[in-house]
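Engineer: Pasting a structure here, questions to come.
The values are calculated or read from the model by the stated rules, or taken from the named source; none is laboratory data. Just so it is clear, the model here is predicted, and its values are computed rather than measured. Please note: Cβ atoms are built from the backbone with ideal geometry, for glycine as well, and neighbour counts cover all protein chains shown.
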Amino acid sequence: MILRPFKYVECGSVDEATTTLKQYGDGARIIAGGTALVPMMKHRLLRPEVLVSVIQVPGLGDIAAGPDGGLRLGALATHWEISRSPLVKRESPLLAYACGRVASPTVRSMATLGGNLCYGESASDPSPALLALRARVRVVGSGGERTLPLTEFFTGFYETGLAEDEVLTAVEVPPLAPGARWRYLKWVPRAQEDKALVGLAAVLVLDGRHCRMARLGLGGVAASPVVLRRTEQSLEGRELDERTSAEAGEVAAAEVEPMEDLQGSADYRRDMLRVWVRRVVADLATGGGER
Ligand SMILES: Cc1cc2nc3c(=O)[nH]c(=O)nc-3n(C[C@H](O)[C@H](O)[C@H](O)COP(=O)(O)OP(=O)(O)OC[C@H]3O[C@@H](n4cnc5c(N)ncnc54)[C@H](O)[C@@H]3O)c2cc1C
């Protein structure tokens, strides 16, 4: 399909981008890697009058250690860069792994982390990992800068808490708790590079079999990426065994309202979620490695 004409503004700073967004309002869109935006424009799902590019903004793609440990990832860091970064692999191997599961090498090398989060798609791979890690996002708009927990960022089906004139500038990832075990399981119906029908990220801190902390992020099932809070609570303070793993699967299946689409029915998603939660908890409880 042929793209309709649009104006292209190359910004040299975040301030210039927010000013341009404010000037054009609903008619303007940020473009980063373009892997989500351009197909939407080709399919006439979006018809922006102006594309506001932030690709040339200095420092917006930096991958660095956070001031108090953890990581600070610039919005323009690509999934390829994040998945290959020695710093990310050391500080947040769950995130490196989840970013390495995005699509194909070609898409991973263009698609940015900021674009992924702002797209707000449920079947995102980094989102469940970042939710389980309790990451925060930094956004800048004409009214100034603010930080919000990722748990409050996704507001609905392809919807986020970004205002029209705001740019996501960075993602802050807290340090992984000492001794934490992690896992990202992605269920794809056909090929490895498909989007997740169920994407489950888990971080557990255990004393032997006793669960001190459970963090679970989910993609592909609900209308947006979500935290499985009730399931987390059902695990914390308990001894993890086959029974508690199975119970957690039941809590998760009851906690989420699954979507239904051509990829799979709501019942199928719910069944897969039940199985995935049971499996990931049982696996991590028996020291089933980090993957
Ligand atoms: C073939 C294919 C397969 C895919 N498979 C997967 C997959 O397996 N897993 C997965 O997670 N994703 C997948 N995706 C989705 C896509 O790659 C991601 O959502 C991508 O990360 C979007 O990033 P981008 O830089 O290309 O964003 P863009 O396409 O440039 O932008 C996406 C949206 O975010 C907004 N935006 C971008 N950056 C900012 C910012 N800094 N501040 C404010 N708004 C911003 C744009 O205005 C637009 O609305 C796939 C896409 C394709 C085309």
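Engineer: Determine whether A111 is under 18 Å from P39 (Cβ atoms) and in contact (Cβ under 8 Å) with a residue 60 or more places away in the chain.
Structural biologist: Values: under 18 Å from P39 (Cβ atoms): yes; in contact (Cβ under 8 Å) with a residue 60 or more places away in the chain: yes.
Yes; evaluated as a whole, the condition is true for this residue.
Engineer: Consider only pairs whose beta carbons are under 7 Å apart and that are at least six residues apart or on different chains; among these, list those whose first residue lies in segment 72-93 and is in the same structural domain as A111 (by TED's automatic domain parsing) and whose second residue is in a helix (DSSP H, G or I) and surrounded by fewer than 19 Cβ atoms within 10 Å (Cβ to Cβ).
Structural biologist: T78/S109; T78/M110; W80/P105; W80/S109
Engineer: Separate question: From (1) modelled with pLDDT under 95; (2) under 20 Å from T18 (Cα atoms), pick out the condition that doesn't hold for L45.
Structural biologist: Result: L45 passes all but (2).
Engineer: G61 fails exactly one of the following numbered conditions: (1) surrounded by fewer than 24 Cβ atoms within 10 Å (Cβ to Cβ); (2) more than 13 Å from the ligand (Cβ to nearest atom). What is the number of that condition?
Structural biologist: (2)
Engineer: With respect to the numbered conditions (1) out of contact with any Asp or Glu (no Cβ under 8 Å at 6 or more places or on another chain); (2) assigned to a strand (DSSP E or B); (3) crowded, with 21+ Cβ neighbours inside 10 Å, which one is the sole condition not fulfilled by P128?
Structural biologist: (2)
Listed here are the residues, each with its yes/no results for (1) assigned by TED's automatic domain parsing to the domain that holds C211; (2) of a type in the set (A, V, I, L, M, F, W, C).
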| residue | (1), (2) |
| --- | --- |
| C99 | no, yes |
| A135 | no, yes |
| G141 | no, no |
| T155 | no, no |
| D165 | no, no |
| V188 | yes, yes |
| V198 | yes, yes |
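Engineer: Next question, about the same structure. Looking at segment 176-206 only, could you name the residues that are at pLDDT below 95 and away from the ligand (no atom under 14 Å from the Cβ)?
Structural biologist: L176, A177, P178, G179
Engineer: Can you confirm whether T151 is surrounded by 14 or more Cβ atoms within 10 Å (Cβ to Cβ) and either more than 23 Å from G74 (Cβ to Cβ) or not assigned by TED's automatic domain parsing to the domain that holds V226 (or both)?
Structural biologist: Yes.
Engineer: I'm trying to understand the selection: among the residues of segment 113-124, which are farther than 17 Å from L162 by Cα and near the ligand (Cβ under 6 Å from one of its atoms)?
Structural biologist: Our first condition is that a residue be farther than 17 Å from L162 by Cα; within segment 113-124, this holds for 123-124.
S124, the sole residue that qualifies.
Engineer: Right, next: Just checking: which of the strands (runs of 3 or more DSSP E) contained wholly in segment 1-81 hold 2 or more residues that are of a type in the set (V, I, T)?
Structural biologist: 28-31, 50-53
Engineer: Scanning for something part of a strand (DSSP E or B), touching a residue at least 40 places away in the same chain (Cβ under 8 Å) and among the hydroxyl-bearing types (S, T, Y), does segment 161-178 turn up at least one residue?
Structural biologist: Yes, some residue in segment 161-178 is part of a strand (DSSP E or B), touching a residue at least 40 places away in the same chain (Cβ under 8 Å) and among the hydroxyl-bearing types (S, T, Y).
Every residue, every condition in (1) among the aromatic types (F, W, Y); (2) at negative phi; (3) part of a loop (DSSP other than H, G, I, E, B); (4) buried (at least 21 other Cβ atoms within 10 Å of the Cβ), yes or no:
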position: M213; (1), (2), (3), (4): no, yes, no, no
position: Q233; (1), (2), (3), (4): no, yes, no, no
position: T244; (1), (2), (3), (4): no, yes, no, no
position: A252; (1), (2), (3), (4): no, yes, no, yes
position: R274; (1), (2), (3), (4): no, yes, no, no
position: V277; (1), (2), (3), (4): no, yes, no, yes
position: G287; (1), (2), (3), (4): no, no, yes, no
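Engineer: Only one of V102, V50, V107 is buried (at least 17 other Cβ atoms within 10 Å of the Cβ), within 12 Å of the ligand (Cβ to nearest atom) and over 14 Å from the mean Cα position of the chain (by Cα). Can you tell me which?
Structural biologist: V50
Engineer: Looking at this structure, is R209 surrounded by 15 or more Cβ atoms within 10 Å (Cβ to Cβ), of a type in the set (K, R) and not assigned by TED's automatic domain parsing to the domain that holds A129?
Structural biologist: Here the answer is no, as R209 does not meet what is asked.
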